[in-house]
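Participant: Right, I'll just put the structure down here and ask away after.
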Amino acid sequence: MTADGSLPSEEANAAGLLAEPHRVVAVGAGFLAEAISSQAVAVSTVDWRPPVVDADPLARVLADPRRREANSAALGRILASRAHLVDLAPARDALRLEPGVLLHAGPPIDWERASGPLRGALIGAALFEGLAGTSAEAEKRLAEEITLVPCHERSTVGPMAGVVSPSMWMFVLEDPSTGQRSYCSLNEGLGKVLRYGAYSPDVIERLDWMSSVLGPLLRDAIRRNGPYDVSSTVAQMVQMGDEGHNRNRAGTLMFLRDILPYLAESTAPPRDVAAVTRFIGGNDHFFLNLVMPACKLALDAARDLPGSTLVVAMARNGTDFGIQVAGTGDAWFTAPAAVPEGLYLGAYGAEDANPDIGDSAITETAGLGGFAMAAAPAIVRFVGGAVADAIRTTQEMYEITLGEHPLYQVPVLGFRGTPVGIDTTRVVRTGLLPQINTGIAGKIAGMGQVGAGLVRPPIECFIQALDALAAAAPELAVSSA
Amino acid sequence: MISFVEVRPGAYRDSVALMQISRDLANLDGVSAVLVAMATELNLDLLASMGFDRPPKAGPNDMVVAISAEDDDALAQARIVLEKALRGEHERRDGGLAGSAGGAPAMAGGLAQPVSRITAGALDGATLALVSVPGPYAFPEAVDALDAGLPVMIFSDNMPLEQEVWLKAAAAQRGLLVMGPDCGTALVAGVGLGFANVVRPGPVGIVAASGTGAQQLICLLDAADIGISHCLGVGGRDLSAAVGGRSTLQALDLLDADPATDMVVVLSKPPDPAVAEVVSHRASTLSKPVVIGLPGDTFPDLTAVAAAVLDALGKPPRTWPRWTPINPLPRRSGALRGLYAGGTLRDEALSIARERLGRISVDDPGALGHALVDFGDDRFTMGRAHPMIDPTLRADQLGRDLANPATGVVLVDVVLGHGAHPSPATPIAEVVHQIAATGEILPPVVAALIGTETDPQGLEAQAQLLVDAGVRVFLSHAEAVHVALDLLTGESP
């Protein structure tokens, strides 16, 4: 498949076989490549290693007659997707989120297995909604009555704990050509915040302000301005040192720049306008919550294509890492989430860190974040790496992806598009795992953010996905010819 | 004596590269035993048999390093050499930031920076793929090649039949040719792939189900000053009922349309009758003459196929080159011992010898009496390189057979060309000299030398090495077999 997802032309290549001066690509025994090279014939070699899965399911998935077309379609839909911010509204209206239901990041989980930061965020949401007066009361209701649903099941993504309750305000994104929508909450900033599992009174106060001031002012500005082109801003931020996951500084400032006149024109008290602009300008991650639903919109467009091996979601709930694949519907393939490697805030250390959490790996799934690391070399400092590591990371990701994103161009790579469309078969064949940039939550409920760093998914998710794809593929038989 | 065993999880090199490293380390002073290998069951057993402790946690995706040395200094030295050797591979692989557009361009005659998969775009316009990973893993690589729009030669053997069928069906749909699996040689537009002899360009196009069979034919034609346009391998199962001759039919059409080809030769293994019918019918519709060579059926052997090609080209019959020692080893009675690197040649020897000798054991070097062994067979290549590259196993057996008074004659093949051992005659000549030096009375040794003068090893030079050891050398394998049998039975050759 070519970078843009189209299939190579199938004009008879065979005639060329006997005519052209050949350039050979050789995979396997080195002496055979050398034998070709010694004839003064150009030869490239493949750095091959045995796949990490059994040969049979892999062959069956690769032989699935639907695979090429389905992957081509999946990638095409992702690359064609455009995200406009069209509205803001509370989740009860935007998502018709019913009382007694809370959304959370990652694959499905119950209170029993929820990690510290997810529990903390759920407690905070219960307090914020007035479902409980104390954290103890909240815990009891959460354990007994409240239904937990993954954000992903409601066209939504949530960073870190990703908890969404009916009163929280949501960004509403829409693809203008398909009318498809996706949603994300508003970013609270860093440190002691709900998404990192903090639920102290100042956290709840901030959520109250976001619902009463921030959300309505932004909604009015967007309605006055008309739809805001998030995709265009993402494309620009990638050329300005952001990778759209751990670094959203340029994106946030561009958003603020664009929205500011419409905020100023509003009838809201100047005090509130000042507070809103100060809040956005003071939070380098504000735009993350627009990048994520833009990615979600693109990847949801690629869902439900039987035979496709393309990964449409990577998400973590703080306990499990889960992935979903275009060819296997809504099935989650999960394994225990790893603890990220990174830098810690203040006196915090690795012993305080919770395993990987959040839907924000949707950015990597869509070709941003770790996959666009070469565009944001500052990020590698989280693990003490060098600029070369950032470039290598992005280059490595081309090895497991189906295409390149024409909108997300990396200047240092000669404006090559970022790698996009993770191919399950490539991951299990190479053993190369997607690189995810992430924040690190404290493992105890209420602790908040303790650091930021890098993490990779467990390979087991991809092995399970491959087995499921194999089970859904026709059997490879001699008679199938 | 100190022993060092280490497991390197996830490290991978191909078995030939690791064997070379092992051999280099074992040659160091003070080092007595070395195994650097992927930790397959087989290699772990080998490790144990060499007296090393079996590491508790090691699997086929891990590399195991085992070194036995006289003292700490020797061990340290060996480890330095090891790191250098492993890094040497790496250095060639790591082009740093170069090739950000996806793999550095391949330089003419040089190995470019490796890429992680076969794609058309990432390789600066690759036009042809060669797959030689272990058989169970070859399918994904071949699929990549077809997906990238590339014709593919699959050198790997042991590919499940249904995968071959799938690949050939998909390739035919996309107008691409699959050569193989188990395709040992091909010559495509001047490029030799696999084990490939260096021949002049010429009018004969070959469609071959067998690697060494095609090499024999090519070398005989070369000796008759007849060049080859292309040799398209199709794999030994192509004419089976399941595969249906897909690649053979495609190759026939390709050669028919090729302006450089004047006549076509099909070299087959015993085909499915219905498929043979389809192939002969297709052949009869070609605009060019076709010789269908089914050894043992239309022709007694490959040499007869070569004679038929000469005849079809209007050339007179000729005698094939042979090299006779000044003091050839004298004939004696006993068992025929045929030690082969090429499976097709072993088969040809079997079909010729069976008529004259009766019962012959196959692929059991320990068997008494007449025996023919193909050291390229799976049972001998598990965990080690093909005998055309690594002559050790066959040389060891040759030594045993030469020293055995029950041996009446030894028959070997020596295959030259790209990809083969840099001097395959040397280990054979050396063993003969060694055993002769012990004062043993040797049985006669007869060699089929499959090569051309333009091969990297040089035909005359290789023949000379053998002749100097008293070996009778023939370019025609069939002739070599008949001479060996004549020596054995006392008939005059």
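Participant: Considering each of B:D53, B:D24, B:D29 in turn, give the residue that is under 31 Å from the mean Cα position of the chain (by Cα) and either touching a residue at least 12 places away in the same chain (Cβ under 8 Å) or exposed (fewer than 14 other Cβ atoms within 10 Å of the Cβ) (or both).
Facilitator: Exactly one residue qualifies, and that residue is B:D24.
Participant: Name the residues in region A:26-42 that are within 41 Å of the chain's Cα centre (by Cα) and either more than 7 Å from chain B (Cβ to nearest Cβ) or more than 19 Å from B:H230 (Cα to Cα) (or both), would you?
Facilitator: A:A26, A:V27, A:G28, A:A29, A:G30, A:A33
Participant: Tell me whether region B:465-474 contains one or more residues that are free of Cβ contacts under 8 Å to residues at least 40 places away in the same chain, farther than 15 Å from B:G334 by Cα and of a type outside the set (A, V, I, L, M).
Facilitator: There is no residue in region B:465-474 that is free of Cβ contacts under 8 Å to residues at least 40 places away in the same chain, farther than 15 Å from B:G334 by Cα and of a type outside the set (A, V, I, L, M).
Participant: Ok, one more. Does region A:410-425 contain at least one residue that is buried (at least 19 other Cβ atoms within 10 Å of the Cβ), more than 23 Å from A:L297 (Cα to Cα) and either touching a residue at least 60 places away in the same chain (Cβ under 8 Å) or away from every other protein chain (no Cβ under 13 Å) (or both)?
Facilitator: The answer is yes; a qualifying residue exists.
Participant: Name the residue, out of B:L35, B:L47, that is under 26 Å from A:L32 (Cα atoms), of a type outside the set (S, T, Y) and more than 14 Å from chain A (Cβ to nearest Cβ).
Facilitator: B:L35
Participant: Can you pull out every residue in region A:53-73 that is touching a residue at least 40 places away in the same chain (Cβ under 8 Å) and facing another protein chain (nearest Cβ under 7 Å)?
Facilitator: A:L58, A:A59, A:L62, A:A63, A:R68, listed by residue number.
Participant: Another question, if that's okay. Anything in region A:340-352 that is surrounded by 16 or more Cβ atoms within 10 Å (Cβ to Cβ) and either among the charged types (D, E, K, R) or modelled with pLDDT of 95 or more (or both)? List them, or say none.
Facilitator: A:E341, A:D352
Participant: Scanning region B:291-311 for residues that are part of a loop (DSSP other than H, G, I, E, B) and at pLDDT below 90, which turns out nearest to B:F474 (Cα to Cα)?
Facilitator: Only one residue tops the list, namely B:P300.
Participant: Right, something else. Spot the failing condition for B:T454; the list is (1) in a loop (DSSP other than H, G, I, E, B); (2) touching a strand residue (DSSP E or B) at 6+ places or on another chain (Cβ under 9 Å); (3) more than 24 Å from B:D396 (Cβ to Cβ), and only one is missed.
Facilitator: (2)
Participant: Before we move on, is B:A37 modelled with pLDDT under 90, touching a helix residue (DSSP H, G or I) at 6+ places or on another chain (Cβ under 6 Å) and part of a strand (DSSP E or B)?
Facilitator: yes
Participant: Counting residues that are at negative phi, hydroxyl-bearing (S, T, Y) and in contact with a helix residue (DSSP H, G or I) (Cβ under 6 Å, 6 or more places away or on another chain), which helices (runs of 4 or more DSSP H) fully inside region A:242-342 reach at least 3?
Facilitator: none
Participant: Further, regarding this structure: I'd like to check which helices (runs of 4 or more DSSP H) are fully inside region B:146-259 and have at least 1 residues that are out of contact with any Asp or Glu (no Cβ under 6 Å at 6 or more places or on another chain), facing another protein chain (nearest Cβ under 10 Å) and crowded, with 21+ Cβ neighbours inside 10 Å.
Facilitator: In region B:146-259, the matching helices (runs of 4 or more DSSP H) lie at B:161-173, B:246-257.
The values are calculated or read from the model by the stated rules, or taken from the named source; none is laboratory data. These numbers come from a predicted model, not from an experiment. Because the Cβ atoms are built from the backbone with ideal geometry, glycine has one as well, and the counts that use them run over all protein chains shown.
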